[in-house]
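Visitor: Attaching a single structure in structure tokens format; questions to follow.
The values are calculated or read from the model by the stated rules, or taken from the named source; none is laboratory data. The model shown is predicted, which means the values in this text are computed figures rather than measured ones. Every residue, glycine among them, receives a Cβ derived from its backbone with ideal geometry; neighbour counts consider all protein chains shown.
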Amino acid sequence: MTAMDFKPVLLWSDVLVFLLVIALTLFFYRLRRDPQTRARWGRVFSSRLGMVTFTVIMVYVGIALLDSLHFRRALPTPEGVDTTEIFYDNKVTSVLDVLLDGMGERFERTYSAPFALQSFEKSNMKDEQGDMYRGYEDLRHAGQHLSHPEAKWLNVLELSATALAWGLLAAALVVGVQWILLRGSKHPWQASWAVQTVVICLGVWLVYLSHYYHVLGTDQGGADVAYQSIKGIRTGVLLGTLSTLVMLPIAVTLGVSAGYFKGWVDDVVQYLYTTLSSIPGILLIAASVLLFQVYIDLNPDYFAIGMEKADARFIALCFILGLTSWSSLCRLIRAETLKISQLGYVQAAHAFGVGHGRILGRHILPNVVHIILITFVLDFSALVLAEAVLSYIGVGIDPSMGSWGNMINGARSELSREPAVWWTLTGAFFFMFVLVLAANLFSDLVRDAFDPRSALGRSGT
Amino acid sequence: MSDAIRLQVSDLRVRVPESGEEILKGVSLELRAGQVFALVGESGSGKSVTSLAVMRLLPDALAITGGTVRVPGEQREQDLFELSESAMQTVRGRRVAMIFQNAMTALNPVQSVGRQVAETLRLHTRLRGDALRQRVVQLFAEVGIPDPDARFDFFPHQMSGGQQQRVMIAMALACEPDILIADEPTTALDVTIQKQVLALVRQLTVSRQLAVLLITHDMGVVRQTADEVAVMYRGEIIERAPVDAFFHNPREAYSKRLIDALPDLTHFQSVAVETPLLQLEDVKVYFPIRKGVLQKVVDYTRAVDGVSLSIGRGETYALVGESGSGKSTLGRAILNLEPLSGGRIRFAGEDIGGLARREMLPYRKRIQVIFQNPYSSMNPRMSVGDIIAEGMVSLGLGLSPQERDERIGQLLDRVQLRREYSGRYPHEFSGGQLQRVAIARALAVDPELIICDEPTSALDVSIRAEVLDLLQELQREFGVSYLFITHDLSIVPSLAHHVGVMQAGVLVEQGSAEQILTAPTHPYTQALLASVPRVDG
């Protein structure tokens with residue numbers, strides 16, 4: 001082995017994610033300078049609920065970012081082959097996989113229930129005499145350390161206690177550092193710290209116990225459900241943000257120009273969005289995704305590894321979702337711009353001979369930002385749910401890429417079995433539920449703070 | 001004053017429970033049958049809170065902390081604050097009725113006005129069917145709605161503002177109340193209609209022996225309608241007197257200021273010989289009416305239909321008219337914010353009508369504008385300094401940032417605001433202060449003409465006078481001309497040299513202020529003038 005034993009892989013979606021993080025940081029940094037905006041964000045974060053939901057969202061975003069640092073491991077040089085060339089694993093690993101400590105590599109043969117020691121289904125086995133019989137196979141990666149199967153639950157408790165101790169220690173470290181830095185802050189950081197403690201303890205517990213058991217069981221292919229649910233986070237978060245960001249520039253540009261320039265510009269934009277919104281959304285998306293799939297299949301040499309193919313389809317899906325869902329935001333922005341462009345300050349700017357560009361940039365855009373922000377957070381959760389729907393009907397994310405939609409799609413037949421396989425659905429549902437709930441609650445708070453009709457935004461009469 | 005007391009409020013106190021702030025500090029008044037009691041004060045003085053507290057309709061953020069409201073009951077006196085909520089509801093419908101400022105929002109737009117009044121009657125009386133309709137038509141006739149039988153089936157949007165207010169009054173009278181609470185009933189109406197509605201209230205007070213609580217900020221309304229006046233200031237009644245005594249002998253300095261805001265028709269601006277700065281010749285602004293799929297132009301709305309006038313240097317020209325007369329559109333057309341359909345606009349001898357955006361730029365510096373609503377005429381996301389600087393930057397006055405800051409400071413000084421305010425944002429200011437900022441913004445580019453589009457109609461009476469004084473001072477100092485667009489004739493005498501009266505897009509009469517206000521010839525001007533309230537009644 002040489003010094004270089006991994007090779008970074010930059011998928012297109014990774015590039016977009018990091019660009020996005022940079023752009024958002026800059027955006028919020030700029031927003032901070034406006035005291036009114038700062039006061040509004042201050043209101044969002046002065047409530048416990050705001051802190052809690054924001055922390056939850058940040059945990060999801062953090063996991064998504066860790067899962068976006070991809071690399072390929074070097075394969076050990078086969079014996080007897082004398083070459084300096086290094087071959088890399090075809091499988092792309094992410095930093096998150098490393099942190100999960102091999103959680104995704106412990107495969108079973110097929111279904112197993114949470115904390116089970118044996119497979120969920122019978123299979124052909126040989127007894128000591130070599131005779132074939134049907135029975136429940138022992139799992140390869142669960143309970144190997146146990147001497148007696150009966151001691152399982154006691155063992156789980158012991159392991160949990162150890163994990164909890166480690167988790168609390170880690171949480172104390174993380175929270176302690178923040179406590180030193182943020183002691184004087186007037187925001188309710190305690191709420192955030194409580195969430196962080198819970199998340200860290202849960203995370204440590206999950207990783208620790210995964211060495212000994214499948215905490216959420218395994219799916220039909222024998223893959224760990226907990227691992228898959230966590231991998232679904234990146235897909236969900238990215239899809240939500242990327243699609244919204246594809247949609248925003250279109251909606252904002254068209255909406256603002258329609259409302260400001262009126263006349264034929266307005267006519268064109270209106271015809272565009274009425275046409276678009278008269279086509280059933282799901283059909284349009286399905287057709288576009290299928291078209292793109294054909295393109296991928298016809299041009300296999302563009303994609304070096306399977307992951308890149310899945311990634312291309314994922315990005316295409318983001319763009320398609322974004323391109324088909326801008327009409328409602330566009331309509332809102334158009335209406336708001338129509339209203340603002342009749343207001344005194346825009347008229348006064350005209351009277352001062354201020355150019356169109358400057359009026360749009362200084363007077364109109366800053367005053368529709370609240371709509372954009374509110375829509376961003378509201379649409380985010382809608383898009384995460386849309387992914388689940390699309391994957392369910394088979395035009396969503398590539399099955400090789402973990403996503404909640406695919407998990408739910410897989411779970412529909414499992415639920416009709418007796419006894420039912422409930423854990424795949426539960427895992428996906430739990431992770432999605434927490435994200436969507438946090439995003440919805442957070443967007444409610446953002447809307448309350450930024451809606452001009454609410455208390456802080458003093459409306460002129 | 002011997003008439004029966006219909007409602008007696010004593011020592012009414014209201015607080016904001018959260019902050020402990022006292023909104024009403026012990027208000028006492030009594031309403032008598034056949035009399036109008038006027039509660040006067042500026043916005044925020046607590047007059048509407050008083051009426052809502054009496055009806056126990058306060059928003060949740062406020063709480064009544066003390067006092068009594070007594071009404072004579074069938075057997076004995078009742079205290080409204082001791083009644084149950086359901087007993088209170090009968091009081092609200094039967095004994096006490098309310099009418100509000102904005103009739104358009106108080107009426108349901110998808111139900112005919114007759115049915116809305118009938119609905120109230122159905123709730124409180126046994127009338128049904130034809131009898132019900134008869135009663136509504138009778139009420140409509142009583143409040144002076146012409147052709148009441150046909151109007152029964154009209155929808156609110158088919159009626160004018162004055163008629164809508166009449167419908168509201170009919171609805172209030174439907175259940176034969178003893179007490180009528182009118183909260184700024186005419187503020188949203190034009191002056192000529194205001195006069196008619198007030199006359200109606202006055203007449204109903206006498207004919208039905210109502211006890212009326214009239215809430216208003218307009219001293220003219222008080223003069224015309226009230227029997228007794230109470231002036232409210234910061235939650236207290238500071239002066240109370242019969243109306244004649246009040247107007248001839250106000251005790252408090254604050255009351256004096258309110259009365260002084262009424263026009264004085266004896267002193268006018270002297271008309272000097274001046275050189276014309278702005279001349280309009282037969283200016284027309286038409287808005288196309290489009291119909292059909294292809295948006296074909298079928299007709300035009302003639303917003304301004306052939307207006308000619310001339311404004312001299314250092315002169316104020318007041319353009320007076322009711323809402324919809326086209327006066328604001330004319331102002332916008334002079335600013336080149338509205339395309340001309342015909343006529344010529346000459347500014348300092350040069351034709352500026354219909355110039356392209358770029359060609360207009362040199363003139364932008366010389367013609368400026370101040371709008372009606374100070375809140376909406378400032379970008380809420382820009383600091384006051386940036387707002388004032390905008391014109392200087394975009395018109396390229398060639399100032400360095402230091403010079404610009406210095407100039408902003410000077411301007412703020414000039415409009416009597418503090419220099420430190422330049423870093424603040426519009427929402428931190430009151431309406432009067434914002435209007436000063438708007439004046440500073442207009443002055444920033446040294447204009448020769450400022451178009452003032454109702455600059456004081458959103459302001460309280462006492463602040464209005466300050467802003468008008470400031471405008472006049474600036475005129476003397478800088479020799480700037482004003483085109484003063486207003487619906488309020490009462491501010492004209494002290495301000496304008498010339499007056500033009502507009503009706504339906506046409507200038508019906510113009511001349512010197514003295515001539516128009518003392519000897520109007522056009523019937524419309526006469527009607528307008530007759531509805532201007534005066535101190536001498």
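Visitor: Report yes if residue B:408 is buried (at least 18 other Cβ atoms within 10 Å of the Cβ), part of a strand (DSSP E or B) and more than 14 Å from every other protein chain (Cβ to nearest Cβ), otherwise no.
Guide: The answer is no for residue B:408.
Visitor: Name the one entry in B:463, B:485, B:450, B:388 that is touching a helix residue (DSSP H, G or I) at 6+ places or on another chain (Cβ under 6 Å), part of a helix (DSSP H, G or I), buried (at least 22 other Cβ atoms within 10 Å of the Cβ) and not hydroxyl-bearing (Ser, Thr, Tyr).
Guide: B:388
Visitor: Scan region B:306-335 for residues that are in contact with a Phe, Trp or Tyr (Cβ under 9 Å, 6 or more places away or on another chain), more than 14 Å from chain A (Cβ to nearest Cβ) and either among the aromatic types (Phe, Trp, Tyr) or surrounded by fewer than 24 Cβ atoms within 10 Å (Cβ to Cβ) (or both) and jot them down.
Guide: Within region B:306-335, B:309, B:310, B:314, B:317 meet the criteria.
Visitor: Which condition from (1) free of Cβ contacts under 8 Å to residues at least 40 places away in the same chain; (2) within 14 Å of chain B (Cβ to nearest Cβ); (3) touching a helix residue (DSSP H, G or I) at 6+ places or on another chain (Cβ under 6 Å); (4) not hydrophobic (A, V, I, L, M, F, W, C) is the one that residue A:391 breaks?
Guide: (2)
Visitor: Out of the strands (runs of 3 or more DSSP E) lying entirely within region A:42-140, which hold 2 or more residues that are among the basic types (Lys, Arg)?
Guide: Filter on region A:42-140 gives A:70-74, A:118-126.
Visitor: Looking only at region A:229-246, decide whether some residue is more than 18 Å from the chain's Cα centre (by Cα) and of a type outside the set (Val, Ile, Thr).
Guide: no
Visitor: Take residue B:191 and decide whether it is closer than 26 Å to residue B:102 by Cβ, assigned by TED's automatic domain parsing to the domain that holds residue B:104 and not polar (S, T, N, Q).
Guide: Yes; evaluated as a whole, the condition is true for this residue.
Residues are listed down the side, and each one gets a yes or a no for (1) more than 14 Å from every other protein chain (Cβ to nearest Cβ); (2) assigned to a helix (DSSP H, G or I); (3) within 24 Å of the chain's Cα centre (by Cα):
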{"site": "A:284", "(1), (2), (3)": "yes, yes, yes"}
{"site": "A:295", "(1), (2), (3)": "yes, yes, no"}
{"site": "A:314", "(1), (2), (3)": "yes, yes, yes"}
{"site": "A:317", "(1), (2), (3)": "yes, yes, yes"}
{"site": "A:346", "(1), (2), (3)": "no, yes, no"}
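Visitor: Further question on the same structure: Which condition number does residue B:293 fail, the rest of (1) within 14 Å of chain A (Cβ to nearest Cβ); (2) β-branched (Val, Ile, Thr); (3) surrounded by fewer than 17 Cβ atoms within 10 Å (Cβ to Cβ); (4) within 24 Å of residue B:500 (Cα to Cα) being met?
Guide: (4)
Visitor: Select the strands (runs of 3 or more DSSP E) contained entirely in region B:59-138, then report the ones holding at least 1 residues which are in contact with a strand residue (DSSP E or B) (Cβ under 8 Å, 6 or more places away or on another chain) and closer than 30 Å to residue B:221 by Cβ.
Guide: B:63-72, B:96-99
Visitor: Check whether at least one residue in region A:368-378 is in contact with a Lys or Arg (Cβ under 9 Å, 6 or more places away or on another chain), of a type outside the set (A, V, I, L, M) and part of a helix (DSSP H, G or I), and report yes or no.
Guide: yes
Visitor: Hey, another quick one. From the list B:456, B:521, B:525, which residue is buried (at least 21 other Cβ atoms within 10 Å of the Cβ) and assigned to a loop (DSSP other than H, G, I, E, B)?
Guide: B:456
Visitor: Take residue A:369 and decide whether it is under 17 Å from residue B:379 (Cα atoms) and surrounded by fewer than 23 Cβ atoms within 10 Å (Cβ to Cβ).
Guide: Taking the combined requirement at face value, the residue satisfies it.
Visitor: Cβ-Cβ below 6 Å, separation at least six or inter-chain, first residue in region B:376-396 and over 13 Å from residue A:348 (Cα atoms) and more than 7 Å from chain A (Cβ to nearest Cβ), second part of a helix (DSSP H, G or I) and among the small types (Gly, Ala, Ser): which pairs?
Guide: Close Cβ pairs (under 6 Å, with a partner that is part of a helix (DSSP H, G or I) and among the small types (Gly, Ala, Ser)) amount to B:383/B:423; B:384/B:422; B:385/B:422.
Visitor: Of all residues in region B:338-362, how many are within 9 Å of another protein chain (Cβ to nearest Cβ) and either crowded, with 16+ Cβ neighbours inside 10 Å or touching a Leu at 6+ places or on another chain (Cβ under 6 Å) (or both)?
Guide: Qualifying residue count, region B:338-362: 2.
Visitor: In addition: Consider residue A:176 against the criteria (1) part of a loop (DSSP other than H, G, I, E, B); (2) at pLDDT 85 or above; (3) over 23 Å from residue A:423 (Cβ atoms): it satisfies all of them except one. Which criterion is unmet?
Guide: (1)
Yes/no matrix, rows are residues, columns are (1) out of contact with any Leu (no Cβ under 8 Å at 6 or more places or on another chain); (2) farther than 23 Å from residue B:193 by Cβ:
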position	(1), (2)
B:466	yes, yes
B:471	no, yes
B:494	no, yes
B:521	yes, no
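Visitor: Does residue A:290 satisfy the condition of being surrounded by 20 or more Cβ atoms within 10 Å (Cβ to Cβ) and at pLDDT 85 or above?
Guide: no
Visitor: Turning to a different aspect of this structure: Given the options B:215, B:145, name the one that is at pLDDT 85 or above and either farther than 17 Å from residue B:107 by Cα or in a helix (DSSP H, G or I) (or both).
Guide: Going through B:215, B:145 in turn, the sole match is B:215.
Visitor: Looking at residue B:235, is it more than 14 Å from every other protein chain (Cβ to nearest Cβ), in contact with a strand residue (DSSP E or B) (Cβ under 7 Å, 6 or more places away or on another chain) and small (Gly, Ala, Ser)?
Guide: yes
Visitor: Looking at A:133, A:60 in this structure, which one is over 26 Å from residue A:312 (Cα atoms) and among the aromatic types (Phe, Trp, Tyr)?
Guide: A:133
Visitor: Please tell me if residue B:56 is over 25 Å from residue B:218 (Cβ atoms), assigned by TED's automatic domain parsing to the domain that holds residue B:216 and in a strand (DSSP E or B).
Guide: For residue B:56, the condition - over 25 Å from residue B:218 (Cβ atoms), assigned by TED's automatic domain parsing to the domain that holds residue B:216 and in a strand (DSSP E or B) - is not met.
Visitor: I'm trying to understand the selection: among the residues of region A:258-281, which are exposed (fewer than 12 other Cβ atoms within 10 Å of the Cβ) and not hydrophobic (A, V, I, L, M, F, W, C)?
Guide: A:263, A:271, A:274, A:275, A:278, A:280
Visitor: Give me the residue from region A:323-339 that is crowded, with 22+ Cβ neighbours inside 10 Å and not polar (S, T, N, Q) and, out of that set, farthest from residue B:426 (Cα to Cα).
Guide: The extreme case among them is A:326.
Visitor: Scanning region B:224-236 for residues that are outside any strand (DSSP E or B) and either out of contact with any helix residue (DSSP H, G or I) (no Cβ under 7 Å at 6 or more places or on another chain) or at pLDDT below 85 (or both), which turns out farthest from residue B:182 (Cα to Cα)?
Guide: Within region B:224-236, the match that is farthest from residue B:182 (Cα to Cα) is B:234.
Visitor: Of all residues in region A:175-208 being crowded, with 18+ Cβ neighbours inside 10 Å and hydroxyl-bearing (Ser, Thr, Tyr), which is nearest to residue A:227 (Cα to Cα)?
Guide: It comes out as A:208.
Visitor: Same structure, new question: Among all residue pairs at least 6 apart or on different chains, which show Cβ distances below 7 Å where the first residue, located in region B:32-51, is assigned by TED's automatic domain parsing to the domain that holds residue B:246 and assigned to a strand (DSSP E or B) and the second is at pLDDT below 85 and among the small types (Gly, Ala, Ser)?
Guide: The qualifying pairs are B:32/B:4.
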